[in-house]
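Take a look at the structure below.
Bear in mind these aren't lab numbers, they're just calculated from the coordinates by the rules spelled out. Owing to the predicted nature of the structure, the values given are computational and were not obtained by experimental measurement. Cβ coordinates were reconstructed from backbone atoms using ideal geometry, including for glycine residues, and neighbour counts include every protein chain displayed.
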Amino acid sequence: MSNSKTATKPRHADLGLSDDDVLAMYREMLLARAVDERMWLMQRAGKIAFIISGQGHEGAQVGITWPMRRGQDWMAPFYRSIAAALTFGMSIEDIITAHLAKGDDVSSGGRQMPGHYGGAPYNIVSVSSPVGTQVLHAVGLAMGAWVRGDDSVAITYFGEGTANQGEVHEAMNFAGVHKLPVIFVCENNGYAISVPLAKQVGGMSVAARAHGYGFPGITVDGGDVLGCYAAGREAHERARRGEGPTLIEARVVRMTSHSSDDDQRRYRDPEEVAALKEQDPLLVFGRQLRASDVLTDEIDERLRSEVKAEINDASKRAEARPDPDVTTAEQWVYADSPEAAAGSAAAAASEQG
Amino acid sequence: MSNSKTATKPRHADLGLSDDDVLAMYREMLLARAVDERMWLMQRAGKIAFIISGQGHEGAQVGITWPMRRGQDWMAPFYRSIAAALTFGMSIEDIITAHLAKGDDVSSGGRQMPGHYGGAPYNIVSVSSPVGTQVLHAVGLAMGAWVRGDDSVAITYFGEGTANQGEVHEAMNFAGVHKLPVIFVCENNGYAISVPLAKQVGGMSVAARAHGYGFPGITVDGGDVLGCYAAGREAHERARRGEGPTLIEARVVRMTSHSSDDDQRRYRDPEEVAALKEQDPLLVFGRQLRASDVLTDEIDERLRSEVKAEINDASKRAEARPDPDVTTAEQWVYADSPEAAAGSAAAAASEQG
Amino acid sequence: MAELNILEAIRLGMDEEMERDPNVMILGEDVGKKGGVFGATEGLWAKYGDKRVLDTPLSEGMIAGAAAGAALYGLRPIAEMQFADFVYPAFNQIVSEISRMRYRSNGTFGLPMVIRMPYGGGVHGALYHSQSNEAYFTATVGLKVVAPGTPADAKGLLKAAVRDPDPVMFFEHKKTYRLFKAEVPDGDTVVPIGKADVAREGNDLSIFCYGYMRTCALEAAETLAREDGVEAEVVDLRTLRPLDRDAILTSVAKTGKALVVHEANRFGGFGGEIAAMIAEEAFESLDGPVTRLAGPEVPAVPYQHDLEEWFMLSPAKIVEAARKLAAY
Amino acid sequence: MAELNILEAIRLGMDEEMERDPNVMILGEDVGKKGGVFGATEGLWAKYGDKRVLDTPLSEGMIAGAAAGAALYGLRPIAEMQFADFVYPAFNQIVSEISRMRYRSNGTFGLPMVIRMPYGGGVHGALYHSQSNEAYFTATVGLKVVAPGTPADAKGLLKAAVRDPDPVMFFEHKKTYRLFKAEVPDGDTVVPIGKADVAREGNDLSIFCYGYMRTCALEAAETLAREDGVEAEVVDLRTLRPLDRDAILTSVAKTGKALVVHEANRFGGFGGEIAAMIAEEAFESLDGPVTRLAGPEVPAVPYQHDLEEWFMLSPAKIVEAARKLAAY
Ligand SMILES: Cc1ncc(C[n+]2csc(CCOP(=O)(O)OP(=O)(O)O)c2C)c(N)n1
Ligand SMILES: Cc1ncc(C[n+]2csc(CCOP(=O)(O)OP(=O)(O)O)c2C)c(N)n1
Ligand SMILES: [Mg+2]
Ligand SMILES: [Mg+2]
C-alpha cells in the first residue's frame, strides 16, 4: 500500500481526507511524540521511575486508529500505545497522570507502572504487563458486540514478539471462526527487547498468519501514515459489514531502547541506530504533507507550540494532583463498595448495550 | 497428492516401495484396527473402563510413520496413535497391557487411562491427556538433536481441534525460526468431540497455517496411504537435510464416537455416520492393492488370521500380567531410587547421543 | 420443592439465570448441541441458541480471555472448563488478568463472570480427569472460589456466582453430579457466597470439608456417633474464598478439636490455610492438634482401580482420623 | 573464597555447570547477546554460543515445553522466565507435564531441568514485576522448589538443581541480586536441596523465612536482641519443596514459638503449609500461637512508592510481629 502511485489530486484527497484532517493527524503524532519526550524528561528528573516509549510507532497508531469511533468502539492497547490512546480520546493529562502514578489517576490510581494506562470512560481496556493478554480481551469485546448485535468494533495492538504467544493464536482463530468485528494491529519494530525478528518470527511475517485463520492480513509501512489510515479504515468497514477480522502488520521503527531499563547499544549496531532518524514517521509524514502543500514551516511551528503549551498545562495539572492515599491500598480487590458496580465498564456498557 | 496420476508401473513402485512393503503397511493397518476392535470388546466385557479409538486414522498413521527410524527418531503421539505406535515398534502386548492397566505395563504401570501409552525403550513419549502438550515436547526433542548435531527427527501427532491450542502455535513458530527437524502431523477428522471443523478452525485448513511459520504445510487424504507415505518420507528427508519442519494435515474419518463415553448420534447425522464405512482407509487401501494385483483374497485372509492370532497371544499374555501393587503407588514421584536415573529416557538418550 | 441431583440443580440454575438476564451466556467446549460432556448444559443450546450457548474451539485460554472481554463489554459469561484438569492453558488469563482487573484499574473495570469446572476423583479419570486443584485458585487474591456439596447449594451458589460483580471459580465435584437427589427450593433462592453451612451439629470435634467430602464426612459422623458415641460437628465450607472464618472459629470454640478434610494432596493444599488460621486464632481453645486429612503426596489420582481406591478419601478414612483426634 | 553478590553467584554457578557438562544449556528471552534483563547470563552467550545459550521467541509455554522435550532427549536445560510474573503461559507445561512426567511413566521418563525465575517486590515493578508466586509451585507434587537468600546458597543450590534428576523451580529474589556481597566457596561446592539453614541461633522464638526475608529477619533479630533482649532463631528454609521438617520441628521444640514470614500474601500462601505442619506436629511444644507475617491481601504489589512501601515486609514489621509473639 505504501507504494500506491501519487495522483494529481493529493493522495489524502483520494482517501477522502481533507487538508484539515491530515493536519489533525500530523498534529496528533506531534502530540504523542511530545508527550513521550516529556515522559523521558520527567524520568531523567526522577519524577518517573520507568519509561517505555512509542517513538517511531506514532504514524501507524494514528493512521490505523483514526477511523475508530470514540465511545462506540473499544480499544485494548499495549504499553507503546500513547498515540493510539490519544487518538481514541484519552486526555494528555490522564496519560501523564498515569505515568506520575497519582491517586486520582483514571488508569490505575497509581497502582500500575508507567505505560499501563486505560480507562472505562474511554472504552480503553486497562493495560497490563503480560504481553498478548489484551488480544483475547479485544476478541471478547467483539464477541460481546456480536452476541448483542451491536455496531461496535474492537481494536487491539501488540508487538511482533507478542505475536508468538499462544493466546494470540487462540484469539485469532476464534475471531476467524465467527468473523468477529475485531482488528488486530501488530506493530512490528523488528525487536522484542534484544531479540531480532529473525530469531522471533518463523517466516518473518506476522501478517502472513492471518490467512491461516481465514481472514486477510496486510503489511503496511508505519512511516506511510496514509497507507496506515487506508488499512485501518478498510479493516473497520470490513468489521462493520460483518466480514470479520483483519490483521494489520505495521512495519515500524523502535527509535529508543526497549525501555529506560534497557540499552540497545548492547545488541544493535550503531549504523542501524543512526539510520532510525531518517525513518522517523513524523519526519516522513511531514515531508509528504509539505510536498502536497498542506504543511508549511509556519503551520508546523504553530502546531508544535500549541502542542507544547497543552503539554505544559497538562503536566502542571497532573503534577499538582495528590499522591495515592495509602489507606485506600486495599480497596477494589473486590467490588467492596457500591461505586464499583456503578463505575465498572460492565455497568457502563450494559447501559449502552 | 492423493490425485497424482497412476503410472503404468504401480504407484507404490514409483515411490520405491516393493510389493512386500505395501503388504506390510496394509498388515500394520489391519493389526492396528484389530487391536482397536479388541479394546472395544474388552471394554464391553468390563475389562477396560474407557476406550478412545483410532479407527479411520490408521492409513494416515501407518503411511506417514513408515519412514521413521526406530530407536533413532522420536515420537510424541496422542491418544489415537495406536497405528503410529505399532508402526514405530511398540509391541501389541504393551499396547494392550496399557489398556488393561497392569502393574508392569511399560507405559505407566497402570497409572494412566487407556490410550495413554508410550515408553522410553521405544523413544515414544508418554501420552498425557491435556491436548497439544506433546507438540512442544517433539519440538524440544528436535531442539535436542539440533543442539547436539545428531541425525534424529521428532514426529508428533494431534487433532485439528488441538491445533487451536496456544502451545501448538508456540511450538510451530519456534520450530520454524530454527528449522528444527520435526514433523507435525494433524489428523483432521472433522470433529473435536462434538464440535465440527467449521466451528473449530478459522479458515478450515490447519495445513494453511504452516506458511505463517515459514515451512510447508500440505494436505493429504488419509485414505490414500501411499500419498501419506510420500508426504511422511519427504518431510523426514527435509528434516534430515536441515531444511526444517513440515506440517502434514491428513484428512481422516473418525469412524467411532469420540470415546466410549460419547454418543456421536447426538450431534452427527445418520447419513454422515453411514457414509463413513465407504471411507474406511482399510477398505480403500485394500482395493488399491487388489487393483495393482498385490493383494488377493487369499493373502488378505492369511494376514487377517495372522493378526488375529498375534492379538490373541498378546492379549493372553497381557491379561496374565499382575495388577499394580498398591504399595508402589507412591513410587516415582521423584527419582527416589537409583533405578530411576538409569531407567530414565534422559539417561538412555545421553548414552545414545 | 423439587428433588434434583447436583447436575440438574446446576443446569436449572443456569437456565433460570439466562431467563432472568439476557446478558448471561455460556461458552465452552461441547456445551452446545452435545450439552456438555457431563450434560450440565443439556437443552440450553436448543432453548437459547448458538450465540448464548456457544461451542468454542479447543482453547481454554480463549474461553477465559474472551469471557473476560465479554464481561468488560457488559455480558455475564459462564465459562465451562471441560475438566478442572484442563484449566491450566487459561491460568495466565485467570491469574494475570481476571483476578486483578478490578484492582489494577482502581475499581473502574469489573469482571462479572463465572468459570465452572468439574473436579475430583473416584470416576476412573486418572491423572487428568480427577484433579482437585482448588489450591491454585484459593491462593489467588481477587478470585472467589466456591465448591458446593448439595443440590440446593449448587443451584443457590450458581445463581450467586452469576450475579456477583467479581469472577467466581465454581468447582463441581463430578462424583457428586448424580450421587443423590435432594430437595431444592423452587425459584429464585440464592445461597450467599462466603457463608459456611453447619451440616451436622456436634460437641466433640469439628470436621471442616467441602464438595464431595461433605457426603463422606456426614457418613463418617454417623458412624462415630453410632460406634464411638463421638458427636462430630460437620461444617461444609461451601465457599473457600472468601472463607467463613467466623463459622470455623465458632465451631472450634465449641468442640476444641479441628479436623480439616480435603481430597487434594496435603502439602501446599488448601487445608493448610484453614489449619493455620485455626491454629493462630483459636490457639487457646484447642484441646488437640489441628489435624489435616488429605490425599496422598502423588501428582494426581492414578487410574487402575486399586490405585484409585488407595488415593481417594472415604468415610472410613475420616472415621479413623477423627477417632485419633477425639481420643487425643 | 570469592566475594560475590547473588547475581554473580548464580552466573558463576551456571558457567561452571556448563563447563562441567556439555548437556547443560540455557534458554529464555534475551538470555543471549543481552545477557538477560538482569544480567544473569552475561558473558555466557559469547562463551558457549548461540545454541547452548539460546534466545527464544517470546513464548513461555514454548520455553518450558521445549526444555522438557530437550530433557527427554538427554540435555539438562536451564530455562529462564524473565520474571516469575510471566510464568503463567508455561503453567500448563509445568503442572500438567513437567511435574508428573516421571510419575505417569512409572519412572521411565525423567525431566532433569531447572526453571529460573526472578521474583519479589521492592523494585518499583508493580503488579507484574514483583510477584512472589511460589505457592503455586509448592502446591505442585513432582516439582522441587528452592529460594536461596545468600550468594553461597544461590550458587550451591543452582548446581544442585542442575544436577538433580527432577525438575527444580529456582526462585531468585530480584531485590537481593545486588543487595550485598558475601563469600562464596570456590569450585564445586553443592548445597543440597531439602536442607534448611539455621542462619542465627536463639532460644526465645523461631523465625522461618527464605529469599530476601532472610536478610530482613536477621536484621530484625539483631534489633530484638539489642532492644528487647529477645534471642530469635532465624531458620532460612532455602528449599520450600521438599521442606526440611526436621529442622523446623527441632527449632520449634527449642523455642516453643514460631513466626513464619513471607512476602507473598497470607491467605493460601506457602506459610499456611509451614504453620499447619508446625501446629499439627509440634502441638505440645508450642508456648504461643504459630504466627504468620505476610504481605497484605491484594493481588500484587502496587507501583507508587508509598503503596509499594505499604505492601513490602521489612525488618521493622518483623520486629513488631516477633515482639507480640515473644510477649505471648
Ligand atoms: C508474558 C510476558 N513475557 C515476558 C515479558 C517481558 N517483556 C516485556 S516487553 C517484551 C518484548 C515485547 O516485544 P514485542 O512484542 O515485539 O513488542 P515491543 O516491545 O517490541 O513493542 C518482553 C519480553 C512480558 N511483559 N510478558
Ligand atoms: C487442554 C484440554 N482441553 C480439553 C480436553 C478434553 N478433550 C479431550 S479430546 C478433545 C477433543 C480433541 O479434538 P481433536 O484435537 O480434533 O482430536 P480428535 O479427538 O478429534 O482426534 C477434548 C476437548 C483435553 N483433553 N485437554
Ligand atoms: Mg517488537
Ligand atoms: Mg478431531
Checklist line | Convex hull of chain D built on C-alpha atoms - directionally averaged projected area, nm² | finding: 16.2 nm²
Item checked: Built amide H within the under 5 Å cut-off of B:I48, gap 5+ -> B:Q43
Check: For the stretch A:144-207 and the stretch A:78-99, what is the separation of their Cα centres, given in Å?
Finding: 21 Å
Next item on the list: Please report, in cubic angstrom per residue, the volume enclosed by the convex hull of the alpha-carbon atoms of the stretch A:132-259.
Entry: 94 Å³
Checklist line | Cβ charges +1 (Lys, Arg) and -1 (Asp, Glu), total dipole of the stretch C:25-65, debye | finding: 200 debye
Margin query: Relative contact order for chain B: what percent, with Cα pairs under 8 Å and sequence separation of 6 or more?
Written below: 22 percent
Next item on the list: Starting from the coordinates of the alpha-carbon atoms of the stretch B:68-209, obtain the Kirkwood hydrodynamic radius over all distinct pairs and give the value in Å to one decimal.
Entry: 15.6 Å
Check: Per the Kirkwood treatment, what hydrodynamic radius in Å, one decimal, follows for the stretch C:65-214 from the mean inverse distance over all distinct Cα pairs?
Finding: 16.3 Å
Next item on the list: Restricting things to alpha carbons, tell me how big the stretch D:151-205 is in terms of Rg and Dmax, in Å.
Entry: 13.2, 39
Notebook entry, point to check: So what is the relative contact order of chain D, in percent, for Cα pairs below 8 Å that sit 6 or more residues apart?
Noted result: 17 percent
Notebook entry, point to check: What nm value, rounded to one decimal, do you get for the distance between C:E222 and C:M1 when each label is placed 7 Å out toward the C-beta?
Noted result: 1.8 nm
Note to self: Just want the answer: with Cβ charges of +1 for Lys and Arg and -1 for Asp and Glu, which residue in C:A64, C:P118, A:G286 is farthest toward the dipole's positive end in the protein assembly as shown?
What the structure shows: A:G286
Next item on the list: Sorted from largest down, give the three principal axis spans of the alpha carbons of the stretch D:49-96, whole angstrom values.
Entry: 27, 21, 14
Notebook entry, point to check: Lys/Arg Cβ at +1, Asp/Glu Cβ at -1, dipole of the protein assembly as shown taken about the Cα centre: which of A:G109, A:Y229, D:A264 is farthest positive-ward?
Noted result: A:Y229
Check: Computed on alpha carbon atoms, what radius of gyration and Dmax characterise the stretch D:259-328, expressed in Å?
Finding: 13.5, 45
Check: Can you list the lysines whose alpha carbon is less than 17 Å from that of B:K316, not counting same-chain residues fewer than 8 positions off?
Finding: B:K47, B:K102, B:K308
Next item on the list: Compute the normalised compactness of the stretch A:208-294: alpha-carbon radius of gyration over 2.2 N^0.38 Å, N being the residue count.
Entry: 1.39
Note to self: Treating only the Cβ of Lys, Arg, Asp and Glu as charged (+1, +1, -1, -1), what charge dipole size does the stretch B:207-306 show about its Cα centre? Round to the nearest 20 debye.
What the structure shows: 480 debye
Note to self: What's the magnitude of the charge dipole for chain D around its Cα centre, counting Lys and Arg as +1 and Asp and Glu as -1 at the beta-carbon? Answer in Debye, nearest 20.
What the structure shows: 720 debye
Checklist line | Helix-only CD estimate at 222 nm, as mean residue ellipticity for chain A, using -39500 (n - 2.57) per DSSP H run (n ≥ 4) | finding: -13500 deg cm²/dmol
Item checked: Hits among aspartates and glutamates - C-alpha to C-alpha of C:K195 under 15 Å, sequence gap 8 or more where chains match -> C:D153, C:D164, C:D236, C:D244, C:D246
Margin query: Please compute the modelled spin-label separation between D:K254 and B:E237, points set 7 Å along Cα→Cβ, answer in nm with one decimal.
Written below: 7.2 nm
Margin query: Order these by the 10 Å Cβ neighbour count, fewest first: C:F109, D:F86.
Written below: D:F86, C:F109
Item checked: Computed helical MRE - 222 nm, chain C, DSSP H runs ≥ 4 contributing -39500 (n - 2.57), nearest 500 -> -10000 deg cm²/dmol
Check: Which order do B:K277, C:K324, C:K155, C:K144 fall in if you start with the one that has the fewest other Cβ atoms within 10 Å?
Finding: B:K277, C:K324, C:K144, C:K155
Item checked: Equivalent ellipsoid semi-axes, chain A, via Cα gyration tensor eigenvalues times 5, rooted, Å -> 28, 26, 21
Item checked: Hypothetical label at D:R245: residues of the stretch D:264-281 whose amide nitrogen lies under 19 Å (7 Å Cα-Cβ projection) -> D:270-281
Notebook entry, point to check: How much net charge surrounds D:N133 when only other residues with a Cβ under 12 Å from its Cβ are counted (Lys, Arg +1; Asp, Glu -1)?
Noted result: -3
Next item on the list: Wrap a convex hull around the Cα atoms of the stretch D:1-144, take a quarter of its surface area, and give that in square nanometres.
Entry: 9.4 nm²
Notebook entry, point to check: Can you tell which of B:Y267, B:V307, B:L247 lies farthest toward the positive end of the dipole of the stretch B:210-323, using +1 and -1 charges on the Cβ of basic and acidic side chains (Lys, Arg; Asp, Glu)?
Noted result: B:L247
Checklist line | Percent breakdown of C-alpha pair distances by 5 Å bin, ordered from the shortest bin, for the stretch A:249-314 | finding: 3, 13, 16, 16, 17, 17, 12, 5, 0
Notebook entry, point to check: Which three lengths, in whole Å and largest first, does the protein assembly as shown cover when its Cα atoms are put on their principal axes?
Noted result: 95, 87, 74
Item checked: the stretch C:36-93-the stretch D:291-308 distance, computed between alpha-carbon centres (Å) -> 33 Å
Item checked: Cα-based Rg of the stretch D:148-274 normalised by 2.2 N^0.38 Å, two decimals -> 1.06
Next item on the list: Taking each pair of different alpha-carbon atoms in the stretch B:131-205 once, compute 1/r for the pair, average those values, and report the inverse of that mean as the Kirkwood hydrodynamic radius in Å to one decimal.
Entry: 12.9 Å
Check: How about the stretch C:220-328: which GluC sites (Glu not before Pro) there lie in a loop by DSSP and see at most 16 other Cβ atoms within 10 Å?
Finding: C:E231, C:E297
Next item on the list: For D:N203 and D:A327, compute 0.36 nm times the residue count separating them, minus their Cα-Cα distance, and round to one decimal in nm.
Entry: 43.3 nm
Checklist line | Cα-based equivalent ellipsoid, the stretch D:209-309: semi-axes from gyration tensor eigenvalues, Å | finding: 24, 18, 12
Checklist line | Under 25 Å from B:K199, Cα to Cα: lysines that are on another chain or at least 8 residues apart | finding: A:K179, B:K277, C:K33, C:K34, C:K47, C:K51
Check: Loop-only check: which trypsin sites (Lys or Arg not before Pro) in the stretch D:166-253 are DSSP coil with at most 16 other Cβ within 10 angstrom?
Finding: D:R178, D:K195
Next item on the list: Let me have the relative contact order for the stretch A:155-229, percent, based on Cα pairs under 8 Å that are six or more residues apart.
Entry: 32 percent
